Every structure is written in structure tokens, then in C-alpha cells.
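S.K.: One structure follows; several queries about it will come next.
The values are calculated or read from the model by the stated rules, or taken from the named source; none is laboratory data. Remember, predicted model here, so these are calculated numbers, not experimental data. With ideal geometry, Cβ positions are generated from the backbone for all residues, glycine too; neighbour counts draw on all protein chains shown.
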Amino acid sequence: MPILKIQDFNKLIRSKKTLPAYLLAGEEAYLIDLCLNNIEKLLAVGDLNKEVFYASDSNSEDILNAVLTLPFLSEKRLVIVKGVNKMRATDAERITGYLSKAADASCLVLLYSDNYKKETVAKRKELVNACLASKNCVAVDCRKQYENEAREFIKLELADKGKTASYDLISRIVDENGTDLLNISSEIEKLSLYVGKKSKEITEKDLEKVGGYTKEVNIYALSSDIESKNLKRAVFVLEKLFNEGEEPVMILSAISSSVRKMLNAKSMLEEQNMSASEVASALRIHSFYSGSFFSNLKRHDAKTLRLGLKSMLEADVAIKTGANDSISALEKAVLFICK
């Protein structure tokens, strides 16, 4: 069975048809969570018939024992394996072998939270390919969405809440939030609650009222966009901060702080052999954001980050001496890091 787009997966869910295994793969964590929630709702199993494993901390024997255990007072057992992109090669091989004879009494859900097309470990790549080829498995493409897909997502989310919005407004939501579906979903929820039952259409005025784009929020967003190398979004937020009257030195400080944090994390991971959880604790990265932080960190290399700090220094000198206009100096620094 070819890998399904999210729309086709939703149709399958609505048909009430279940299969013995699912692979939810891609960098868009929100889509993975959405698909998993739909599977859980469809199966409606209790805690006695549900087990969750983390691939990096579990072995295939425990996972397969859980899958092959008969359900208790239920039609199905649900076994969820998170972080399959970090599964050991020997464990991936055993799970691959299971797919051809998957048990009908269980549902195995594999969560691969990364770009599955770039898998380099042979046995994990075989597991992904086996999921794509197996008639017992549904594979869902949970990649990052393009802007047109994000706009369609907003349109469908609004319709689900009984709301509508113009194309221009939907495009503005994408411009201000990027294509991160978690941020977009949160924005739609706020807008829907604000409008309430008084109107079906969400307007520009409504967005201005509840957008919540303060200087503080935008500075955080700028750091996040630099970490994810989203140049278009970073420049958009940078200009927004200037229009709001934020001091260039404050913006530069936020950018520098983000670059230093990434460089420190790289050093801890690659030179000190610390685990991601240890790095998150040392750098005080909240568990809610750690997944996206370490995923984005893979986009950067230590050499460029070190040179990035040098470009920060050059921007600082340019701003303080008036050698260049502030926005150009900062745009140049952002461009260097996000290129």
C-alpha cells in the first residue's frame, strides 16, 4: 500500500476500517499526534489493552510480546512505539519480520518523527520500506506542510468549527505562523473562541484583536524561526519587530542567545557525548519544546554556528557605530545563519 496523504488517511478512518499496523512518519509532530489520536478513538481500547514503548529505551522482544498478547475483554490491543527513527538495527529487523504475519487481535502503531526518506540505518530503512509494502500496514506521510497545504489545513479546521475566512486572512495566518500546524491550530482555536456564536466569518479585525503578537512573542518566534532555518518567516518577524519599535540591540541579543544555545547543544552532543535529555536539562530547555529544538538542531553544523557568532559581532559593531542601517545588519546576520 503506498504511503497515504493525511486527507486519504482521514477517509480511511471515517470508513471505520482498521489494520494490524500503522506507520506515522514525518517531521510534522502535530500530524503524527492527530493521526494517533484518530486511531485511538477508532479502537477505543482501555488502559488494560494499551501499551506505549520508546524505541530508544525498549527492545523488540518486549514490543512483540505486547503485540502478541491477547486483548482482555476487548477486540483489540493497541501497542504504540515512539521514536522508531532511533530504534536499534536488530530491533528494527525483528519488527520488520513481524509485519508479514501481523496479529489481527492487535494494532501496532509506529511513530517515526523524522524525515523517513533520509533514513541511513539499513535495517530501519528496511522497516520503513516493509511498512510501505505490507498489506497489513497503513503508512501515513506526516511531513512538514507546504504553504498551500497549510492554507488548506486552516480552511478545513475552520469549517470543522463552523467558521469561514477569506483567502487573504488565511494567507496572513500562514505568514504570521509559518507552516507549523501546532501554532496554526492554536491560533484557529483562539479565533474561534473569540468569535463564538456571534458570527461564522472570521475577519481581519478579529485576528488583530486576538493575534497576541506582542514584542515578546515575536522575539521568541524569531529565535524559533532561526533554529528551524525558516528564512522567509524570520525576515517577516524581524521587520515586524522593527515596525513595533523594538530596539535593534534587544533583537540582536535574542538572535545571539539562540545561536549560542545551539552551539552549546552541538558541543554537548558531539564532543561530550551527552544525551539529548541531559543537554535539555543543562540548557534548561522545556520538555514541550525539546523535540522540535533537537530536530531543528540537525539542520545546523557547529562551524556555521561559530561563524554565526562572528556575524553577530559584526552586526553589533554596525548597529552601534551607524556603519550600516540596523535592519540591514540584522537581516545579513539572519541570512548567514539560515542560508
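S.K.: Take the stretch 77-104 and flag every residue that is farther than 20 Å from Leu19 by Cβ, touching a strand residue (DSSP E or B) at 6+ places or on another chain (Cβ under 7 Å) and assigned to a loop (DSSP other than H, G, I, E, B).
M.R.: Once the filter is applied, which keeps residues that are farther than 20 Å from Leu19 by Cβ, touching a strand residue (DSSP E or B) at 6+ places or on another chain (Cβ under 7 Å) and assigned to a loop (DSSP other than H, G, I, E, B), the stretch 77-104 yields only Gly83.
S.K.: Name, by its number, the condition in (1) farther than 22 Å from Leu31 by Cβ; (2) crowded, with 17+ Cβ neighbours inside 10 Å that does not hold for Lys135.
M.R.: All conditions are met except number (2).
S.K.: Now for a different question. Could you please find all residues in the stretch 287-339 being within 27 Å of the chain's Cα centre (by Cα) and among the small types (Gly, Ala, Ser)?
M.R.: Residues satisfying the conditions are Ser287, Ser290, Gly291, Ser292, Ser295, Ala302, Gly308, Ala333.
S.K.: Exactly one condition in (1) in a helix (DSSP H, G or I); (2) under 23 Å from Ser295 (Cα atoms) is not met by Lys229; state its number.
M.R.: (1)
S.K.: Do any residues in the stretch 175-191 that are within 21 Å of Glu227 (Cα to Cα) have Cβ atoms under 9 Å from those of residues that are of a type in the set (Ser, Thr, Tyr) and not in a helix (DSSP H, G or I), where the two are at least six apart or on different chains, and which pairs are they?
M.R.: Pairs that qualify, where the first residue is within 21 Å of Glu227 (Cα to Cα) and the partner is of a type in the set (Ser, Thr, Tyr) and not in a helix (DSSP H, G or I), are Glu176/Tyr213; Gly178/Ser228; Thr179/Tyr146; Asp180/Ser228.
S.K.: Now a separate question. I need every pair where a residue in the stretch 111-138 that is more than 14 Å from Ile95 (Cα to Cα) has its Cβ under 7 Å from the Cβ of a residue that is aromatic (Phe, Trp, Tyr) and not in a helix (DSSP H, G or I), sequence separation at least 6 or different chains.
M.R.: Val138/Tyr22
S.K.: Do you know which residues across the stretch 41-76 are outside any loop (DSSP other than H, G, I, E, B), in contact with a Leu (Cβ under 7 Å, 6 or more places away or on another chain) and closer than 21 Å to Ala139 by Cβ?
M.R.: Leu43, Val67 - these are the residues of the stretch 41-76 that are outside any loop (DSSP other than H, G, I, E, B), in contact with a Leu (Cβ under 7 Å, 6 or more places away or on another chain) and closer than 21 Å to Ala139 by Cβ.
Every residue, every condition in (1) surrounded by fewer than 21 Cβ atoms within 10 Å (Cβ to Cβ); (2) in contact with a strand residue (DSSP E or B) (Cβ under 9 Å, 6 or more places away or on another chain); (3) over 21 Å from Arg299 (Cβ atoms); (4) not charged (D, E, K, R), yes or no:
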position: Tyr116; (1), (2), (3), (4): no, yes, no, yes
position: Val140; (1), (2), (3), (4): no, yes, yes, yes
position: Leu158; (1), (2), (3), (4): no, yes, yes, yes
position: Lys163; (1), (2), (3), (4): yes, yes, yes, no
position: Asn177; (1), (2), (3), (4): no, no, no, yes
position: Ser186; (1), (2), (3), (4): yes, no, yes, yes
position: Ser192; (1), (2), (3), (4): yes, yes, yes, yes
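S.K.: Taking Gln145 and the conditions (1) in a loop (DSSP other than H, G, I, E, B); (2) over 28 Å from Leu19 (Cβ atoms); (3) polar (S, T, N, Q), which numbered condition does it fall short on, given that it satisfies the others?
M.R.: (2)
S.K.: Can you tell me which residues in the stretch 80-91 are surrounded by 18 or more Cβ atoms within 10 Å (Cβ to Cβ) and either polar (S, T, N, Q) or closer than 15 Å to Glu40 by Cβ (or both)?
M.R.: If the condition is that a residue be surrounded by 18 or more Cβ atoms within 10 Å (Cβ to Cβ) and either polar (S, T, N, Q) or closer than 15 Å to Glu40 by Cβ (or both), then Ile80, Val81, Lys82, Asn85 are the ones that fit.
S.K.: Here's a follow-up. I want to confirm something. Restricting to the stretch 242-261 and keeping residues that are touching a Leu at 6+ places or on another chain (Cβ under 9 Å) and of a type outside the set (A, V, I, L, M), which single residue is modelled with the lowest pLDDT?
M.R.: Phe242
S.K.: Go over the candidates Arg77, Arg94 one by one and state the one that is among the basic types (Lys, Arg) and surrounded by 22 or more Cβ atoms within 10 Å (Cβ to Cβ).
M.R.: Being among the basic types (Lys, Arg) and surrounded by 22 or more Cβ atoms within 10 Å (Cβ to Cβ) holds for just one of Arg77, Arg94, which is Arg77.
So that you can scan it fast, the table gives a plain yes or no per residue for (1) modelled with pLDDT of 90 or more; (2) under 25 Å from the mean Cα position of the chain (by Cα); (3) on the phi < 0 side of the Ramachandran plot:
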{"position": "Lys240", "(1), (2), (3)": "no, yes, yes"}
{"position": "Leu263", "(1), (2), (3)": "yes, yes, yes"}
{"position": "Glu271", "(1), (2), (3)": "no, no, yes"}
{"position": "Ser281", "(1), (2), (3)": "no, yes, yes"}
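S.K.: State yes or no: is Ser199 more than 22 Å from Asp225 (Cα to Cα) and in contact (Cβ under 8 Å) with a residue 24 or more places away in the chain?
M.R.: Spelling it out, it is not the case that Ser199 is more than 22 Å from Asp225 (Cα to Cα) and in contact (Cβ under 8 Å) with a residue 24 or more places away in the chain.
S.K.: A further question on this structure: Among the residues in the stretch 247-266, are any within 24 Å of Ser171 (Cβ to Cβ) and surrounded by fewer than 14 Cβ atoms within 10 Å (Cβ to Cβ)?
M.R.: No - not one qualifying residue is present in the stretch 247-266.
S.K.: Here's another thing I want to ask about it. Taking the stretch 5-32 as the search range and keeping residues that are over 28 Å from Asn296 (Cα atoms) and among the β-branched types (Val, Ile, Thr), which one is nearest to the chain's Cα centre (by Cα)?
M.R.: Ile13
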